[in-house]
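Working notes for the structure below.
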2 protein chains.
Amino acid sequence: AIEADIDTFRTMFLELHPKDQTDVFLHLEESERKRVYESLSPDEFAEVFEGLEVEEQKEIALELNDQYAADVFNNMYADDVANFLAELKQDNVTDILKAMDKEDAADVRELLAYDEETAGSIMTKEFIAIRAEDTVSDVIELLRREGPDAETIYYLYVVDANDRLAGVTSIRDLITSVSTAKIEDIMSTRVVSVNEKTDQEEVAQLIQKYDFLAAPVVSDENVLLGIVTVDDVLDVLEEEATEDLGEITASRGSTDVSLTSFQAAKKRAPWIIMLMFFGLITAEVIGTFEETLETVVLLAAFIPMIMGSAGNTGTQSLAVSVRALATGTIEKRGLSKTILREFATGLMIGVMSGAVIALLLAVFYQDLLLGGVVGISIILSLGVASVIGTTIPLIINKLHLDPAIASGPFITTLNDLISLMIYFSVATSLIQYL
Amino acid sequence: AIEADIDTFRTMFLELHPKDQTDVFLHLEESERKRVYESLSPDEFAEVFEGLEVEEQKEIALELNDQYAADVFNNMYADDVANFLAELKQDNVTDILKAMDKEDAADVRELLAYDEETAGSIMTKEFIAIRAEDTVSDVIELLRREGPDAETIYYLYVVDANDRLAGVTSIRDLITSVSTAKIEDIMSTRVVSVNEKTDQEEVAQLIQKYDFLAAPVVSDENVLLGIVTVDDVLDVLEEEATEDLGEITASRGSTDVSLTSFQAAKKRAPWIIMLMFFGLITAEVIGTFEETLETVVLLAAFIPMIMGSAGNTGTQSLAVSVRALATGTIEKRGLSKTILREFATGLMIGVMSGAVIALLLAVFYQDLLLGGVVGISIILSLGVASVIGTTIPLIINKLHLDPAIASGPFITTLNDLISLMIYFSVATSLIQYL
């Protein structure tokens, strides 16, 4: 009866889409998972395994016997294996690569050698390369044989005798051509390709711009090394959006809801504490103006509003910069033009907000001068805040520094400090009239 | 000679990839653009026009004569035409649709009827539908004829006599099957489809999860209406990332660097001014504690630090929520579990930061009690801030309210207010010892 059960399970399970197989698999108990390993071939289980998150893969890999595991890896796409191995200890990586088929292991080793976030590190080696002198029917015959193994068969890359990229054609072109036509007559020789060391975000922008389903990755010598497919690009965009948001909110690497509270707190607390130290500098600045403050205690009441307005304006400018960098529009316009435009925007927002607040204070607090001090401080603070919000991420990007320094809270803290100094300087210089 | 020039230009121009044609076109002067319209057929110019941003399309459309413009629209994909028309005044839309071919105009009208950001509004009508009783060679013959016009030929959707979606097959399956095989024998009947009213972000998540190149869009009666292709999804992800960022930074709709300073200031100033009014509430709150403040002026020095820490922690929590919503992980874990986890995280960060600052103040200001007041305030403020940062976007999302209310600055301003009240309440209750 158990035999029959396993057969029924197997049949039903394999009818599901691989991604749904993964979802079902994740809900099984350990004893049930054992039965999955018994009933599925390594080839079949490879599709389930590919759908798991790396953390889940680590746990599951421990449950597999060595031979079965090696066969699972042999049947996975090289880029998925490399993705998994990149997170393991070097010893384990060596063991696993040794147990795998030589050819498959070589592909994985090649991918592991690339720096993170390069085209090389996300490309797949399972592509179909053809020759210019092949005929359409040759290629269709090849697709019949190799099609099921390739990651995509929609674009066919043409290479010369030295494996250099020479052209591209699509399955659409093949189907609309006569079967005796030569590939060189239907291929396009203007191939858009990316270098193996190109940043993954640039690859994503390229594929997005041209609506490609894949882009070929080449060496400096134009040798075709692999392809990046559009589904990899979707993951890159997701990853980059998370990164951008993490940078803006000083929560990089900790927006994952699967972390425990303590793990998240450990990652986030250092940021908060570091920013708190900057807050102490602010406290010192206010301390130096203690005399002014003792004369007019009411000045303290507007500290949060002025700092808040500068912070908000800076954050808006930061968002403009981050989007411009992500979508590549900054190159089109030039750096100084972008910064000048933001400065002008900040000043204009400052004039509008400053006028409103000065009027309000003059009316409600019956204090024209207090209104003037706050209004002028707002104008100056917002102008400066917008420049800081725009410039810092651009400089960081230009100098290839750690973009975390450009995070929203850092910029806000810096703007806090500057706007506070502007406010107290204006107030102190007019103190005799207040 | 001019004739020859035009011929040379035409030949060179058409050799470029359509997206590059668009780039070149954007750099031309008006007189040069006129020559482009003269030398390219509407069919050829349609590809250039499709690559333009909507704002650019509006300007260029004015330069075309009516018949040429109508022919350009007839040759564009219906979803691109709808995208453009959605931004025009109703009168102009009616005129353009009247000038177009009846059949093409009907497709466009259908798409225009959908709400923004639904699957229906981003789907394309140019897909290939086949029948279960067709043979592989029938379909290949059909692809030869219709392939060039369809937006994608890689997935082939099978419909029954009532146009209801019955199955799916791919060109990969066609090529690896014998030419006499029937489609019903090679198709998969478990088709993942989306309803026409599904939110575009969900469609993107689905395509991303399954690594699809396209997803079929169906009516409530399962009638196949169109398809959403992966390149549309790339644009959706881009758009949603911009939206998320805009919401977090109160700069929605104004991160576009092509806006002038004045346009940007006009869009952003209302947010800053509105937030400034909240700042006035904060000023009022500080005003009510004026007596406490007059007794211990030094308390004012720590206002920015406490507010800043609460603001930063709230922003981190906001980032966690926004990412969880964007990637759909929130459903997996449940609302209350997510909020509880964030509260615990906030408290832990509070305890760590509070302890550090209490110690520092005790050492540097030789004031144990001041350290205690600030430390306790930090713990309480950070706990509350994390709950507010997490909960507000989730509630907004659940109630389908305008997510702008969940923007970072609003949450920060709210946290400012609460942390300030906590701080002064703690300080006032301990004032006799300070």
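The values are calculated or read from the model by the stated rules, or taken from the named source; none is laboratory data. The model shown is predicted, which means the values in this text are computed figures rather than measured ones. Note that we place each Cβ from the backbone using ideal geometry, even for glycine, and neighbour counts take in every protein chain shown.
Details
- Answer from B:377, B:353, B:386, B:381 - the residue that is at the interface with chain A (Cβ under 9 Å from one of its Cβ atoms) and touching a residue at least 24 places away in the same chain (Cβ under 8 Å): B:353
- Of the residues making up the range B:188-205, those that are closer than 15 Å to residue B:159 by Cα and out of contact with any Asp or Glu (no Cβ under 8 Å at 6 or more places or on another chain) are B:188, B:189, B:191, B:192, B:193.
- Selection within the range B:138-166 - more than 9 Å from chain A (Cβ to nearest Cβ), of a type in the set (Val, Ile, Thr) and closer than 18 Å to residue A:171 by Cα: B:139
- Considering A:89, A:102, A:19, A:98, the condition of being in contact with a Phe, Trp or Tyr (Cβ under 6 Å, 6 or more places away or on another chain) and not assigned by TED's automatic domain parsing to the domain that holds residue A:219 is satisfied by A:19 alone.
- Selection count, the range A:128-137, where residues are within 13 Å of another protein chain (Cβ to nearest Cβ), buried (at least 16 other Cβ atoms within 10 Å of the Cβ) and at pLDDT 90 or above: 1
- The set of residues from the range A:423-434 being surrounded by fewer than 22 Cβ atoms within 10 Å (Cβ to Cβ) and touching a Leu at 6+ places or on another chain (Cβ under 7 Å) comprises A:430, A:433, A:434.
- Conditions (1) within 18 Å of the chain's Cα centre (by Cα); (2) buried (at least 18 other Cβ atoms within 10 Å of the Cβ); number of the one not met by residue A:81: (1)
- Residue within the range A:176-199 that is within 23 Å of residue A:113 (Cβ to Cβ) and hydroxyl-bearing (Ser, Thr, Tyr) present: yes
- Qualifying residue in the range A:70-78 (condition: loosely packed, with under 13 Cβ neighbours inside 10 Å, touching a Lys or Arg at 6+ places or on another chain (Cβ under 8 Å) and in contact (Cβ under 8 Å) with a residue 24 or more places away in the chain): no
- Of the residues B:115, B:104, the single one that is within 32 Å of the chain's Cα centre (by Cα), farther than 30 Å from residue A:146 by Cβ and in a loop (DSSP other than H, G, I, E, B) is B:115.
- All conditions in (1) touching a helix residue (DSSP H, G or I) at 6+ places or on another chain (Cβ under 7 Å); (2) closer than 26 Å to residue A:74 by Cα hold for residue A:174, with the sole exception of (2).
- Total residues in the range B:394-434, condition modelled with pLDDT under 85, assigned to a helix (DSSP H, G or I) and under 18 Å from residue B:312 (Cα atoms): 8
- For residue B:82, the stated conditions hold: it is of a type in the set (Gly, Ala, Ser), in contact (Cβ under 8 Å) with a residue 12 or more places away in the chain, assigned by TED's automatic domain parsing to the domain that holds residue B:15 and under 24 Å from residue B:127 (Cβ atoms).
- Restricting the search to helices (runs of 4 or more DSSP H) fully inside the range B:171-235 and requiring at least 3 residues that are farther than 20 Å from residue A:151 by Cβ gives B:183-186, B:200-210.
- Hey, residue A:243 more than 9 Å from chain B (Cβ to nearest Cβ) and at pLDDT below 80 or not: yes
- Residues in the range A:318-330 that are surrounded by 24 or more Cβ atoms within 10 Å (Cβ to Cβ) and more than 7 Å from every other protein chain (Cβ to nearest Cβ): A:321 only.
- In the range B:280-317, residue farthest from residue A:305 (Cα to Cα) [restricted to those that are facing chain A (nearest Cβ under 7 Å) and of a type in the set (S, T, N, Q)]: B:316
- Test result for residue A:250, facing chain B (nearest Cβ under 7 Å), touching a Phe, Trp or Tyr at 6+ places or on another chain (Cβ under 7 Å) and at pLDDT below 85: yes
To keep it simple, each residue is scored yes or no on (1) at pLDDT below 90; (2) of a type in the set (D, E, K, R); (3) under 15 Å from residue A:69 (Cβ atoms).
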position	(1), (2), (3)
A:81	no, no, yes
A:88	yes, no, yes
A:98	no, yes, yes
A:104	no, yes, yes
A:108	no, no, yes
A:111	no, no, no
A:116	yes, yes, no
A:120	no, no, no
